[in-house]
Every structure is written in structure tokens, then in C-alpha cells.
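In what follows, a single structure is set out as C-alpha cells and then discussed.
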Amino acid sequence: MFQRIILLFVVCLLFETTVYSQKGIKIRTIVIDAGHGGKDPGALGKNSKEKNITLDVALQTGKFIKQNLPDVRVIYTRSKDEFIELHRRAAIANEANADIFISIHCNAVPNNTVYGAETFVMGEHKSEANLEVAKLENAAILLEDNADSEYGGFDPNSTPAYIAFTLYQSEYKQQSISLAQSVQEQFTKRAGRKDRSVQQAGFLVLYRTAMPSILVELGFLSNLKEEAFLLSESGKTFMAQCVYRAFRDFKTNFERDNASAPLVVSDEKTEMKKEDTPKKDEKKPDEIANQTPKDPLGKPDQSKESVTSEKGLVYKVQFYTHPNKLSFKDKRFANIETIGVYFHNGLYKYTSGSFTDLNKATAHQSVIRKAGFTDAFVAAFRNGERISMEEALKLSR
Ligand SMILES: [Zn+2]
């Protein structure tokens with residue numbers, strides 16, 4: 001027995017293994033956003049106003065969540081017929097530290113034969129039709145008093161204005177898509193709606209939220225049959241059940257994937273470059289580290305020139321997230337240069353490069369995407385702390 005203890009002690013010394021006990025990550029708060037309201041009716045059908053249908057479906061969705069998932073806090077951006085600015089809707093979610101944001105809307109187009117349900121995530125529009133949906137929904141800001149200063153002169157009806165969104169990338173995009181897919185699955189399988197699938201476009205309300213976020217288009221009020229369905233009590237209840245079930249399934253899967261288990265993490269202190277300022281506690285994994293691994297192919301490391309110290313504003317390309325801390329020599333990272341890692345929301349996030357110039361970071365993003373990490377995106381850091389791209393752009397002005 002004694003020998004075993006000694007052996008264990010020696011093994012520990014050899015591997016310098018640190019155990020970080022991590023609580024399971026749970027989805028605790030959802031913000032449900034009923035589109036439009038008050039002086040903004042939203043899309044108009046022959047017999048309907050979008051704002052009334054979205055409110056009914058939002059409130060019912062929240063009711064189902066409260067009844068069946070009592071551990072979840074439900075917050076509505078509005079619970080009555082009132083006008084709420086788009087930026088305020090996102091702020092409600094951010095201030096509540098919400099885990100999920102769902103905005104509920106209805107569509108309308110001049111062609112009254114078009115029908116079906118679709119769910120959007122924030123991103124670059126891939127079709128004119130998707131751009132038109134974003135324009136229609138963003139037009140709500142034209143009714144706001146301080147839209148010019150609040151949105152930096154953004155014109156929701158101008159196509160060139162949407163180029164600003166092409167750079168947008170979010171670490172929550174995959175989760176948003178996964179939730180959106182779950183919603184579409186419910187709409188089609190349970191409610192028998194026509195599947196217009198998961199889409200992306202530049203929605204201001206999604207642009208500003210800092211959590212997995214989706215915008216649901218329940219159907220087309222311009223189509224008489226679909227309008228009648230969405231106006232009916234059973235139709236609204238069906239759609240609310242679908243959104244609730246999609247959220248429940250997403251929550252179950254997410255929490256299963258992030259179940260509470262102690263993480264065994266090999267201590268890589270020796271591989272990390274020392275930063276200018278001494279750390280308060282060397283063992284906390286929430287510090288950012290940079291390291292240039294040896295390149296097995298011997299190709300020149302072009303990114304070395306752009307590597308900066310962690311002070312001030314820098315951009316890095318985030319390309320991988322994992323619940324465990326991986327060695328920078330992991331074979332997954334074989335083609336990646338100048339790797340860094342930081343710990344955020346219970347996950348280790350892996351970055352490549354470090355640039356003071358956003359253009360260089362964007363160019364590096366293409367390199368990393370070509371290396372197989374197709375969801376890689378540019379993330380901003382100030383003095384080693386992750387900040388939003390919006391904050392970074394303000395700072396760099
Ligand atoms: Zn709408």
C-alpha cells in the first residue's frame with residue numbers, strides 16, 4: 001500500500017497534474033423577445049398585426065418553460081403591447097446575463113403564395129430574400145427617437161449598410177445554429193409547418209446580444225392560410241410549444257455535453273510565456289498565454305512579426321473551444337501557429353496570432369479557416385481580457 005502511495009506521488013510529480021473541479025454549466029436564464037409592439041405593429045396581414053401574434057406566442061412559450069423547467073428564469077422584453085427599442089431588447093438580455101435569447105417574429109412579403117417557418121441566426125445574408133427580412137425587422141429603429149446616435153447612423157433600408165455585418169463572427173454562432181435547427185425541427189415535425197430552414201442575416205437585435213441568439217419567423221402573414229393558422233389559438237399554442245420543446249432539447253443536450261465532472265488538466269505553465277506583470281495566482285487557468293510551437297514542416301512563421309505583448313488592444317483568431325485544457329502540441333493543432341488559450345464561461349478557448357491591426361487579424365482568420373477551422377473568427381482583447389468587437393472598434397477609433 002505504502003509503495004502504491006509513493007508511486008502515485010512520483011507520478012504526480014512527473015506530470016504535475018492539476019485537477020480543476022468545474023461545476024456543470026447550466027442554462028438558467030432565457031430572454032424571450034416578442035417582436036415589435038406599441039406604435040410599431042410589425043408586419044401586417046389582412047386580418048392581423050405581427051405585434052399581437054408575437055406577444056401571444058412569446059408569453060405562451062414562457063409559460064410552458066416555467067411550468068416544465070422550473071430551474072429556468074424566464075424574462076420577457078415586453079409582456080404587454082408597448083414599444084421597446086431594439087437596442088433595449090438586447091440590453092435586457094445582456095444585463096440579465098441571459099444564457100439564451102429568442103426573438104419571435106412573423107414575416108410578410110408581396111408574393112402571397114410564399115409561406116413557411118424559418119429561423120435566423122446573426123450572420124452575413126446569403127440571399128436577397130434574407131436581406132429583405134433583416135431590412136424589414138431592422139426598420140423598427142426608424143420609429144426610435146435616438147436611432148442615429150444609438151446605431152451610428154445605420155440606415156436599415158440601405159443595402160451597403162449591411163456590409164458592416166460581413167465581418168461579424170460570434171463564439172456563440174454554432175450554439176445559435178444548433179438551437180435554430182432544434183426550432184425548425186419542431187416547427188416541421190410537430191406543427192407541420194413548411195421548413196424554410198435555418199438562415200442568417202444582419203439583425204440589429206441579434207448583433208448586440210452576447211449569448212446564443214436566434215430570431216424566429218413563425219410564418220407569413222401575407223399568406224391567407226398561414227395568417228389564419230397564426231391567428232388561431234391552437235396555431236399560436238402549437239408554435240409556442242415548438243419553441244419551448246426546442247429550447248428544452250437544446251438545454252438538455254448542452255447540459256449533457258457540459259456535465260459536471262472534474263477536469264483533469266495537465267499543467268502547461270512551463271510552455272507559456274511569462275507576461276509583463278506577475279500573476280496573482282499562477283494556478284488559475286483564466287490567463288491568456290501565447291506560444292509558438294515548432295513547425296514540423298519547417299515553413300516560415302509569418303505571424304511572428306505581428307505578435308505583440310498582451311497589453312492594450314489586440315486581435316486574435318479564435319478557432320477552437322474545448323472543455324479540457326489541451327496541449328499545444330495536440331495533433332488537432334498541427335497546422336496552427338502561435339497558439340494561445342484563455343478560459344471563459346467554463347471552456348478553454350484556443351486562439352492563434354496576436355495583432356494590433358484588425359486587417360492583419362482578418363487575413364490570419366482566412367489562413368486558419370483554410371487550415372480546417374472553418375468557424376474561426378477574430379476576437380478582441382484589452383489588457384488580456386476578452387472584449388466585444390463593438391467595444392474594440394470604439395477603442396480603436
Ligand atoms: Zn418582426
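Each residue, ASN359 and LEU142, gets one label point 7 Å from its Cα in the Cβ direction; the gap between the two is 3.5 nm.
When GLU185, GLU82, GLU255, GLU137 are compared by accessible area at a 1.4 angstrom probe, the order from most to least is GLU185, GLU82, GLU255, GLU137.
Annotation: amide H of HIS344 within the under-5 Å range of LYS349, sequence separation 5 or more or interchain, hydrogens built in the peptide plane. The 1.4 Å probe gives accessible areas that order THR362, THR61, largest first, as THR362, THR61.
Could you please state how large a percent of the accessible area of segment 62-115 is carbon and sulfur, counting protein chains only and using a 1.4 Å probe?
47 percent
Take HIS36: with every protein chain present and a 1.4 Å probe, its accessible area is about 10 Å².
If GLU95, GLU337 are ordered by their accessible area, calculated over protein heavy atoms with a 1.4 Å probe, which sequence runs from highest to lowest?
GLU95, GLU337
Extending 7 Å from Cα along the Cβ direction at SER149 and again at GLN67 yields two label points whose distance is 4.5 nm.
Here is the list for segment 28-106: chymotrypsin sites (Phe, Trp or Tyr not before Pro) lying in DSSP coil, each with at most 16 other C-beta atoms within 10 angstrom of its C-beta, are PHE83. Rolling a 1.4 angstrom probe over segment 200-253 with all protein chains present gives an accessible area of which 56% lies on carbon and sulfur atoms.
Set the bar at 22 Å for Cα to Cα. Now go through LYS311/LYS360; LYS63/LYS251; LYS26/LYS126; LYS26/LYS325; LYS126/LYS173; LYS135/LYS370 and name every pair that lies beyond it.
Numbers: LYS311/LYS360 18 Å; LYS63/LYS251 17 Å; LYS26/LYS126 33 Å; LYS26/LYS325 20 Å; LYS126/LYS173 16 Å; LYS135/LYS370 32 Å.
In this structure, LYS26/LYS126; LYS135/LYS370 lie more than 22 Å apart at Cα.
By accessible area, using a 1.4 Å probe on protein heavy atoms only, segment 330-380 has 51% of its surface on carbon and sulfur. Measuring only protein heavy atoms, the 1.4 Å probe finds ARG386 accessible over about 70 Å². Within segment 159-186, find all residues whose amide N lies under 19 Å from a label point positioned 7 Å from the Cα of ARG256 along Cα-to-beta-carbon. What the label zone holds, given the 19 Å backbone N cut-off, is 175-186.
The values are calculated or read from the model by the stated rules, or taken from the named source; none is laboratory data. This is a predicted model, so every value here is computed, not measured. Note: ideal-geometry Cβ built from the backbone for every residue, glycine included; neighbour counts use all protein chains shown. Please note that ligands, DNA and RNA were not included when accessible areas were found on the heavy atoms of the full protein model with its side chains. Shrake-Rupley method; radii C 1.70, N 1.55, O 1.52, S 1.80 Å.
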